[in-house]
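In what follows, a structure is listed as structure tokens, so that the remarks can point back to it.
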Amino acid sequence: MSVRPALAAAAAAGAALFLLVAPALPASAAPYETVTVDPVGRIAEDGTVTLSGTYRCTAGSGPVFVSSSVSGRSSSSRYGIGGTRALCDGVEHSWENTGKPTQGALEPGAAHVEATLMELSLQGGLPLPRFHAAEQRDITLTKG
């Protein structure tokens, strides 16, 4: 098996595992590992969405990221909005993710955001997710 199909299979397995595990995640793994979502996000004229918040985590064995997704008030579809590499030093940091969902998919107003603090940890040669914290929050998307 060449490297590209193997990496694609590993990414697909990690994504599938995330979808199975994410809804059952606690608000945070421990009091010292947290992720928050700001109550207001921005949506630009071209549809680019910017979400933000804070996170805190301790050192991990692999790279750690703050990922985020958003859904509009009248949609069951979720859209991934970027990812930020996290610095896990036990100190609270800000995060900001930007992404451009399908044109017209989101508009200013009520939205629902999920942010996840996730580490990619090698297990048996595959990068598998290890969740540090997650938060879901209703927010307002404003023009900007």
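All of the numbers you see were taken from the coordinates with simple rules; none came from a lab. Being a predicted model, the structure only gives us computed values, none of them experimental. All Cβ positions, glycine included, derive from the backbone under ideal geometry; neighbour counts span all protein chains shown.
Annotation: amide H of A86 within the under-5 Å range of V64, F65, V66, sequence separation 5 or more or interchain, hydrogens built in the peptide plane. By other beta-carbon atoms within 10 Å, ranking E135, E92, E107 with the fewest at the front produces E92, E107, E135.
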